[in-house]
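Undergrad: Provided herewith is a single structure, encoded as structure tokens, for subsequent inquiry.
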Amino acid sequence: MSSTREQIVETTSELIEVQGYHATGLSQIIKESGAPKGSLYYYFPAGKEELAAEAIERSGQLVAQRITDALAGNTDPAVAIPEFVRTIAHYVEVSGYRTGGPLATVALETVTSSERLNQACCAAYQRVQASFAASLQASGYTQRRATQLACFIVATIEGGTLLSRTEHSGEALRQIADDLGRFLHSMPKARVGERNGRL
């Protein structure tokens, strides 16, 4: 059973994914988490911004772990990554287009208004990219190329998620999955002597 603190963070993560940071109030968090009144400031004395930063960190950790788990069973990223994207499409549709891209909404909202939340979003995205990069490197790409591809993949998925939620269709993500598969299949991996990370 999760603690009161964990319930508050989890609820905050879910709410800001669905409705954004500014639309999520502390009263709503308390009500939907079932936390005792007053417990929020006990655990998060700096208030909403502190809580949101921890919720963002939690979201980044969860997404990164999902990537690691999804790609662990398949050593071919040209197969595993498209399958992961198709799974995102499924869950975006099942949610009624309310969820998907748990970092994007708050990242855009707070990019210039909160240094703390901006830094939290940067760290979360770096964690997500690192998960893709680790899988790509394990499959044979050099560290540098894996890092470059991971940035491209995350940016592509985030854009596809935005389109799918906006258009109320998972088709954009499924098309991206197909195109990523073809792209990764055509990408050369490291040759002998290139594994020192130069390229």
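The values are calculated or read from the model by the stated rules, or taken from the named source; none is laboratory data. This one's a predicted model, so the numbers in the text were calculated from it and none came from an experiment. Cβ atoms come from the backbone with ideal geometry, glycine included; neighbour counts cover every protein chain shown. Side chains are part of the model used for accessible areas, which takes the heavy atoms of the whole protein and leaves out ligands, DNA and RNA. Shrake-Rupley method; radii C 1.70, N 1.55, O 1.52, S 1.80 Å.
Undergrad: Can you show me the helix-derived [θ] at 222 nm for the chain, built from DSSP H runs with n ≥ 4 at -39,500 (n - 2.57) apiece and divided by the number of residues, rounded to the nearest 500.
TA: Value at 222 nm, helices only: -24000 deg cm²/dmol.
Undergrad: Okay, next question. In what sequence, highest mean first, do 43-51, 122-130 appear when ranked by Cβ atoms within 10 angstrom?
TA: The densest-packed peptide leads the list: 122-130, 43-51.
Undergrad: Here is a further query. Ranked highest first by average number of other Cβ atoms within 10 Å, how do 141-147, 166-172 line up?
TA: Highest to lowest by the protection proxy: 141-147, 166-172.
Undergrad: Gain in length, THR99 to ALA123, computed as 0.36 nm per residue apart minus the alpha-carbon separation, to one decimal in nm? The partial results should precede the final answer.
TA: Values: separation 24, 0.36 × 24 = 8.64 nm, distance 2.07 nm.
6.6 nm is the gain from fully extending THR99 to ALA123.
Undergrad: Got a sec? Charge dipole of the chain, +1 on Cβ for Lys and Arg, -1 for Asp and Glu; which of LEU173, SER186, ALA130 is way out at the positive end?
TA: Most positive-ward Cα: SER186.
Undergrad: Provide the FRET efficiency to the nearest 0.05 for the ASP76-GLN19 pair, computing r from the beta carbons and using R0 = 45 Å.
TA: 0.75
Undergrad: Report, to the nearest whole %, how much of the accessible area of the chain belongs to carbon and sulfur atoms, 1.4 Å probe, protein only.
TA: Percent of accessible area from carbon and sulfur atoms in the chain: 53.
Undergrad: Follow-up question, since we're still on this one. In square angstrom, what is the accessible area per residue of the chain with a 1.4 angstrom probe?
TA: Heavy-atom accessible area per residue stands at 53 Å².
Undergrad: Using the Kyte-Doolittle scale, find the helices of the chain whose mean hydropathy is at least -0.5 and whose Cα atoms extend 15 Å or more along the helix's long axis, counting only whole DSSP H runs.
TA: Qualifying helices, which must be both long enough and hydrophobic enough, are 4-19, 48-72, 77-94, 115-138, 143-167, 171-186.
Undergrad: Run the dipole for the stretch 1-100 about the Cα centre, Lys and Arg Cβ at +1, Asp and Glu Cβ at -1, nothing else charged, and hand back the magnitude in debye, nearest 20.
TA: 280 debye
Undergrad: When the distances between all Cα atoms of the stretch 1-43 are binned every 10 Å from zero, what whole-number percent does each bin get?
TA: 31, 57, 12
Undergrad: Quick one: give the max-minus-min coordinate of the C-alpha atoms of the stretch 57-141 along each principal axis, largest first, in Å.
TA: Per principal axis, max minus min of the Cα coordinates gives 41, 31, 17 Å.
Undergrad: Another question, if that's okay. Whole number please: convex hull volume per residue of the Cα set in the chain, in Å³?
TA: Cα-based convex hull of the chain, divided per residue, equals 129 Å³.
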